[in-house]
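Presented below is the structure to which this report refers.
The values are calculated or read from the model by the stated rules, or taken from the named source; none is laboratory data. Everything numeric in this text was worked out from a predicted model, so none of it was measured. Cβ atoms come from the backbone with ideal geometry, glycine included; neighbour counts cover every protein chain shown. Just the protein is used for accessible areas: all its heavy atoms, side chains included, with ligands, DNA and RNA removed. Shrake-Rupley method; radii C 1.70, N 1.55, O 1.52, S 1.80 Å.
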Amino acid sequence: MRWVESGDVRLAVFEEGDPANPTVLLLHGYPDTHRVWDEVAALLRDRHHVVRYDVRGAGESTAPRNRRDYGFDHLIADLAAVIDAVGSPRVHLVGHDWGSLQGWEALGRAGLRDRIASFTSLGGPGLRQTAHFLGHGRRRDVAAQRLKSWYIGAFQVPAAPELAWGSLMPRIISRTLRREGVSPRPGHPARTLVKDGRNGLWMYRLNMGTAGDPGVGDVPVQIIEATGDSFVTPALLASIGQWAPRLRHRKVAAGHWAHRSRPEAVARMVAEFAGAAPAARGPRRAFEGRLAVVTGAGSGIGLATARAFAAHGARVVCADIDADAAARAADAIAKDLGGTAHAAQVDVSHIDQMEDFSRNIIAQYGVPDIVVNNAGIAVAGSFLDHTVDDWRRTIDVNLWGVIHGCRLFGAAMVERGEGGHIVNVASLAAFAPSRLLPAYSTSKAAVKMLSDCLRAELGGHGIGVSAVCPGFVSTPIARHTTYVGADLREEAVRSLARRGYPAERVAAHILRAVHRNQAVVPVNLEGKIGYALSRISPGSMRALARWNGPKRNSGIGR
C-alpha cells in the first residue's frame with residue numbers, strides 16, 4: 001500500500017504484480033472498497049500490474065473536509081492522481097457500479113481520456129449516457145429503469161439514509177449478496193461499511209444531475225452486462241453502446257456483484273480485452289465477434305442460417321455430415337460475404353463424433369455463443385410402412401442429434417459463465433399430427449419439449465433456448481426424404497417448390513429469436529396457424545390429421 005495525495009484527501013493505493021506488465025486499474029463501487037476486487041485481482045496479477053484504491057471517504061482513504069467535494073471534478077482528479085503516481089503512461093481501466101460511473105466520466109474528459117488504453121464497464125452506466133436514455137428512450141424501457149433506480153431518490157432525502165446505514169442497510173446489503181450467491185468474507189463487506197455508506201451518499205446527492213455530451217472519444221470500451229443485475233436494465237446498457245465507436249458488449253450470468261460471484265469469468269473478459277486488438281471501427285453488426293455453430297449447414301435452412309449469422313458479423317462453424325457441402329458453405333461465406341467461417345464434418349447422431357466435434361471446436365475457436373441444432377432427416381409414409389430402422393435413424397438424427405448438441409455445448413456455456421443461446425430447429429410437425437410423418441412428427445415434438453425443459457433449466461445461467469418451428473419451406477428436404485409405401489418424391493418436391501417460402505426467411509426468424517430470446521417461434525402462415533390451433537383447438541388438429549389420410553397422399557406437399 002502507498003498513499004497518494006489529492007487535494008485534502010489521502011488515497012490508499014494498493015498494487016500487485018510486475019509494474020512492467022500492462023496496468024489494470026480496478027475501481028470499486030458503492031458502498032464497497034478496493035477489497036471487493038480481491039478475487040479478480042488475484043487472477044490478473046500474474047500477467048498484469050494490478051492497481052486498486054479506496055475512493056475518497058471509503059475504506060482506508062480519508063474523507064474530504066467539505067462534503068461538497070464528492071463531485072465528479074474531485075473524483076476524476078483522484079483518478080488522475082493515482083494514474084500519475086503508479087507511473088504507467090496508459091492504464092486499462094475497469095469500473096464497477098460507481099467506479100464505472102467515474103470511468104465513463106473520465107472518458108468524457110479529453111485530458112484524461114488519453115491516459116486510458118481501454119475501459120471495461122461492469123454494472124454502472126455513465127450518467128451522461130443515462131441522461132440521454134431517460135430523455136430519448138422508449139417509455140416502457142425508461143419506466144423500467146426508473147423503477148430499478150428508486151433508491152437514488154431515497155438517497156436524496158436529508159438525514160434518513162444516514163440513519164438507515166446505522167440500522168437496516170448493512171443487513172440489506174448482506175441479504176442481497178447472499179441472494180446473488182455471494183458469501184460475506186473478510187474485506188467484503190468492509191468493516192468500514194457504515195462509514196463508507198454514509199460518506200458515499202454525497203456522490204449521489206452531488207452528481208445525479210450530470211448531463212452533457214455523452215460521447216467518449218475513440219477509447220475501446222467493453223460493457224460486461226450482468227444478466228441478473230437488480231439495478232440496471234438491458235435496454236439502458238444497449239443504448240449506451242451508440243456512444244462508444246469501438247465497443248465490445250459481453251454478458252455474464254450473474255447478479256450485480258458479478259466480480260464476486262463469477263470472478264473467473266470477469267477476470268478472463270478483462271484480460272482478453274486488455275490484451276486484444278482495439279475493437280473495429282465503423283457500424284457494429286448485431287452478432288459482431290460472436291461464435292455460431294450451425295449443424296446441417298450444407299444446404300437448406302442450415303446454410304441460410306450460417307450465411308445470415310456471418311452477414312451480421314458472427315464467426316461461423318458450418319457443420320454437416322457431408323464434408324464437401326460444409327466446405328462449400330464456409331468458402332462461400334468467405335468469398336461472398338467476406339465473413340469468417342470454418343467447415344466441419346460430423347454425424348450428429350453419433351455421440352463419439354459429437355464429443356470430438358465439440359471438443360475440437362472449443363479448443364480451436366472457443367466456446368460458442370450460439371448453437372443452432374438444425375441437422376435433420378425425414379421419412380414419409382404411414383406408420384405401418386415405417387420399419388424399426390426408419391424410426392431409429394429418425395430419432396437418432398432429429399432428437400439425439402439435438403440432445404448431443406445441447407448437452408455438450410450447453411455444459412461448456414454454463415462453465416464459461418457468459419450466457420449464450422441454443423436454437424433447436426423443430427417443425428410445424430411438432431404440434432400438427434400427421435398420418436404421413438409419424439416418426440418425423442414424433443421427433444420434432446420431442447425437440448420442442450426438450451427446448452422448453454432446457455429453457456427452464458438454463459435460463460438461470462443466462463442461456464436462452466428457442467424452438468423454431470417452420471411450416472413448409474422451399475428446401476431440398478423433400479428430395480432427400482425417404483419415402484415408404486407410395487413414392488411421392490416428385491410430387492413433394494414440386495409442391496415445396498411451389499410454396500415459394502425460402503430458407504432465408506426462416507434464417508431471419510432464427511436470428512430474431514436469438515436477439516429477442518424467444519421461446520417458441522412458429523414460422524410462416526401454416527406454421528403460425530398450426531401453432532395457434534394446437535393451443536386453441538387441439539381437436540381440430542387431430543381431425544385434420546385424420547382427414548389427410550392415404551387417399552390424399554398425393555397432396556402431401558399441399
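Would you confirm whether or not the stretch 162-174 contains a residue that is open to solvent by less than 20 Å² (accessible area, probe 1.4 Å) and closer than 20 Å to Tyr70 by Cα? Yes, the stretch 162-174 contains at least one residue that is open to solvent by less than 20 Å² (accessible area, probe 1.4 Å) and closer than 20 Å to Tyr70 by Cα. Specify the residue that is nearest to Ala211 (Cα to Cα); the eligible residues are those in the stretch 102-131 that are open to solvent by less than 10 Å² (accessible area, probe 1.4 Å) and outside any helix (DSSP H, G or I). Ranking the qualifying residues of the stretch 102-131, first place goes to Gly126. For the stretch 132-161, taking the residues that are under 25 Å from the mean Cα position of the chain (by Cα) and open to solvent by less than 40 Å² (accessible area, probe 1.4 Å), the one that is nearest to Gln242 (Cα to Cα) is identified as Phe133. Pairs are defined by a Cβ separation below 6 Å, a sequence spacing of at least 6 or placement on different chains, a first member in the stretch 159-177 that is over 12 Å from Pro31 (Cβ atoms) and free of Cβ contacts under 8 Å to residues at least 40 places away in the same chain, and a second member that is open to solvent by 60 Å² or more (accessible area, probe 1.4 Å) and charged (D, E, K, R); the pairs so defined are Glu162/Arg198. For the stretch 66-86, the criterion of a residue being in contact with a His (Cβ under 7 Å, 6 or more places away or on another chain), buried (at least 24 other Cβ atoms within 10 Å of the Cβ), modelled with pLDDT of 95 or more and not in a loop (DSSP other than H, G, I, E, B) is satisfied by no position. Residues that are open to solvent by 10 Å² or more (accessible area, probe 1.4 Å), within 20 Å of Arg416 (Cα to Cα) and touching a residue at least 12 places away in the same chain (Cβ under 8 Å) within the stretch 449-463 comprise Leu454, Arg455, Leu458, Gly460, His461, Gly462, listed in sequence order. A single entry from Gly228, Gly209 fulfils the requirement of being within 21 Å of Gly126 (Cα to Cα) and either touching a residue at least 40 places away in the same chain (Cβ under 8 Å) or in contact with a Gly (Cβ under 9 Å, 6 or more places away or on another chain) (or both): Gly228.
Exactly one residue among Val484, Val520 is within 39 Å of the chain's Cα centre (by Cα) and either modelled with pLDDT of 90 or more or not polar (S, T, N, Q) (or both), and that residue is Val520. In this structure, Ile321 does not qualify as within 15 Å of Phe409 (Cα to Cα), touching a strand residue (DSSP E or B) at 6+ places or on another chain (Cβ under 9 Å) and surrounded by 14 or more Cβ atoms within 10 Å (Cβ to Cβ). Of all residues in the stretch 44-65, those that are closer than 22 Å to Arg90 by Cβ and open to solvent by 30 Å² or more (accessible area, probe 1.4 Å) total 3.
The one condition from (1) closer than 25 Å to Arg185 by Cα; (2) open to solvent by less than 30 Å² (accessible area, probe 1.4 Å); (3) without any contact (Cβ under 8 Å) to a residue 60 or more places away in the chain that Gly17 does not meet is (2).
With respect to the stated conditions, Asp84 fails to be of a type outside the set (Phe, Trp, Tyr), closer than 21 Å to Gly126 by Cα and out of contact with any helix residue (DSSP H, G or I) (no Cβ under 6 Å at 6 or more places or on another chain).
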